[in-house]
Each structure stands twice: as structure tokens, then as C-alpha cells.
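Taking it in order: structure first as C-alpha cells, then the write-up.
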Amino acid sequence: MLERVRAAGVREAFVIAGDASEPAGEFESAAALLRAMAELGHGLEEVGISGYPESHAFISDAETIQAMFEKEALATYIVSQITFDAKTIATWVGNVRARGTRLPIHIGVAGPVPARRLLQIATRIGLGESARVLRRHKNWLGRLLLPRAYQPDRLVERLAPRIGSPDSAVAGLHLYTFNEVEGAERWRAEQLARHER
């Protein structure tokens, strides 16, 4: 597989384990796959790993912290799972740095997406406390948000002063498109144009 990846000119991989209770193959974790890739000399320039600002719906905080320690030496950056609260994200970044992890962090942000779709995705993938709140209030939130699309502007504005210091080593945002690529790219271009003024 690595040979095919190299032949295709791929220079970066984002390695995550997923949430299956039983491994689908010989690798029981992202860390195990990363170790095997390193042993083979994968030749990739960048390797990303996951981070969880909120408690993972299926994995304990202790396990996600330990997994990050195991993967850190085999990776070049971290991408966080989406979370909708700036304070939670900033606290998590501070905790990651306090534990001594120095990899650059890309904050995972949901791009513009129909609110109903985002609600379905968030409850399906289990976004910690966000998912629990959404599941408890699914009907009410669905009616409230149905006519509109989610826009990340407010979250990004609240995040900026909390993660802007060099100590946070936040490298940027990772925009989750949920296959709404055109809208996400339009939002990204608009944000860049607005901040270049």
C-alpha cells in the first residue's frame, strides 16, 4: 500500500483508528499502524493524528491521552475532532501543551453545512458533550436549526483570541466539509479575503 501511495505522489496521510469495536484488519490502533509504517520507512512528509477536545463518546480520556503520547513521535501534526465551544478547545490546547506535546495543532471546525445534516453527523459520530446535548435535544434543535445552515464564523471569532499566542502552537484550522466542498471553499476564500484587508 505504501508503494502505491508513493507512486501516486501522495506526501501526506492523516492516520486515525476509527470507532469500530473490533479491528477490521491486523492493526488494533492508529499507533500500531504508524509504528508499522515507520518500520517500513513510509517516506511521507507529513503524518497527522487525531486529538479530542471533548471526551470521546466511546474511548476514555485516559486512553486518548495515552494514544497521543504513543503516536506523537510518529507524527508531524494533530487535527482535533470538531467541537462547537471555543473555551473547550482552548482548554484542550492548553492541556495538550501542559503535558509536553509540541506537535502543531490544526483545530477541526465544521464548515458551512445544512444544520439538519450537521445535527445528524454530530449525533452519529458521537462528539462528546456536544453529541450528548444534541441527542437530548434533537427534535427541538432540529426544528430550531432546520431552515438555516451552520456557519463557523462565530466559533472562529471566539477562538482567535484564545489560541492566537505562539505558545499554543496552533497551526491553523482544519475545515471538515462533510462533502459540502463548494460551500466550504467559498467560506474559506471569503474569510481569507476579509482578513487580508
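The values are calculated or read from the model by the stated rules, or taken from the named source; none is laboratory data. Everything numeric in this text was worked out from a predicted model, so none of it was measured. Reconstructed Cβ throughout: ideal geometry from the backbone, glycine too, with neighbour counts over all protein chains shown.
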The residue that is nearest to ALA67 (Cα to Cα), considering only those in the stretch 1-55 that are surrounded by fewer than 18 Cβ atoms within 10 Å (Cβ to Cβ) and among the hydroxyl-bearing types (Ser, Thr, Tyr), is SER29
The residue from PHE84, PHE69 that alone is in a helix (DSSP H, G or I) and among the aromatic types (Phe, Trp, Tyr) is PHE69
When restricted to THR91, THR76, the only residue of a type outside the set (A, V, I, L, M), in contact with a Gly (Cβ under 8 Å, 6 or more places away or on another chain) and at pLDDT 90 or above is THR76
Note on the stretch 59-116: residues crowded, with 16+ Cβ neighbours inside 10 Å and among the basic types (Lys, Arg) are LYS71, ARG116
Checked the stretch 35-78 for anything aliphatic (A, V, I, L, M), closer than 19 Å to HIS106 by Cα and in contact (Cβ under 8 Å) with a residue 12 or more places away in the chain; matches are LEU44, VAL47, ILE49, ILE65, ALA67, MET68, LEU74, ALA75, ILE78
Residue check for ALA57: in a loop (DSSP other than H, G, I, E, B), modelled with pLDDT of 95 or more and of a type in the set (Gly, Ala, Ser)
no
